[in-house]
């Protein structure tokens, strides 16, 4: 597991034009998919999102893979969507994974709406429905868009130094695009989580039922490997059908319909912000958002 050993180190990111933004390896029935922008705390630009989609597809297509683990290089699992690194590529076109048309050059609210239907809501829903068990191995920060990556996974195993937050209400936006908050948490706790935008510790996330297990940082990879190995011993079709059944029950409870409504309100907020302030994000960039989180954690 040489790559995974490297993945947990606090390494510097290679130059933007040569960086492999998602690492992939598989062994003993387990595929390890690792976010690899550690210098930017694994902020998700489009390059990473499409690479992640390709990695999930590769693992799904490989009959030798029974379980998929999603991890992050460096100090943190993911600081969320890229809203300010040198590699931010929101204005670039990529070969699309869905039938949504290219967002680049579209006027007004159509620009973000088309982009986020593809790279956020659409991809996350597809990843949730992967017919193989998925485990998010979370350490350090799991913020905003990082939540979306963890939440699409079937299990979340976190280190004791992990924390979770969705601070985007301070942008005037009702939570991230993949709006699973009332399903990952109870409605009352989801309101607290969003209204305050404060960090939730791994221990409290476990108490709320959002996290399956919390272990010491140094034991995280071994624990995930143990869980993945035990799952991999189960019949492939049995695992796929069990996952499909539980996801179906969530959708019968309104998860998909609720998410569609929240996505529409999310984009109304973007449009309102731009009309009022000239900024879709309500005046926040990566630096100011990070600073607001640090201040509240003090």
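Let's test the formula: R0 of 45 Å, r as the Cβ-Cβ distance of residue 63 and residue 261. What FRET efficiency results, to the nearest 0.05? Once rounded, the FRET efficiency stands at 0.75. Report, in degrees rounded to the nearest 10, the 0 to 90 angle that the Cα long axis of helix 255-277 makes with the longest principal axis of the chain. That works out to roughly 40 degrees.
Determine the shape class of the range 118-264: with a ≥ b ≥ c the square roots of the Cα gyration tensor eigenvalues, call it rounded for a/c under 1.5, and otherwise prolate if a/b is greater than b/c, oblate otherwise. Oblate. Per-residue ellipticity at 222 nm from helix content only, as computed over the chain with -39500 (n - 2.57) for each DSSP H run of at least four residues, stands at -12500 deg cm²/dmol.
Helix 220-232 axis versus longest C-alpha principal axis of the chain: approximately 70°, rounded to the nearest ten. Highest mean first, the peptides 251-260, 176-185 sorted by other C-beta atoms within 10 Å per residue fall in the order 176-185, 251-260.
Distance between the pseudo-spin-label points of residue 222 and residue 234 (7 Å out from Cα toward the beta carbon): 2.5 nm.
Peptides 200-211, 215-226, 86-97 ordered by packing proxy, namely the average of other Cβ atoms within 10 Å per residue, highest first: 200-211, 215-226, 86-97. Distance between the pseudo-spin-label points of residue 101 and residue 207 (7 Å out from Cα toward the beta carbon): 5.1 nm.
Compared with the dominant principal axis of the Cα atoms in the chain, helix 286-297 is inclined by about 70°. Once C-alpha pairs closer than 8 Å and six or more residues apart are averaged by separation and normalised to the residue number of the range 2-297, the relative contact order reads 17 percent.
Give me the percent of Cα-Cα pairs in the chain that sit more than 28 Å apart, rounded to a whole number. When every Cα pair of the chain is considered, 34 percent fall beyond 28 Å. Between the range 145-219 and the range 53-81, what's the alpha-carbon centroid distance in Å? A separation of 19 Å, based on Cα centres.
Remark on the range 167-226: hydrodynamic radius 12.9 angstrom, per the Kirkwood mean of 1/r across alpha carbon pairs. The value obtained for the range 130-198, namely the Cα convex hull volume divided by the number of residues, is 85 Å³ per residue.
Extension gain, residue 251 to residue 195, is 17.7 nm, computed as 0.36 nm per intervening residue step minus the present C-alpha separation.
Every number in this text was worked out from the coordinates using simple rules, so none of it is lab data. Please read all numbers here as calculations on a predicted model, not as lab measurements. Because the Cβ atoms are built from the backbone with ideal geometry, glycine has one as well, and the counts that use them run over all protein chains shown.
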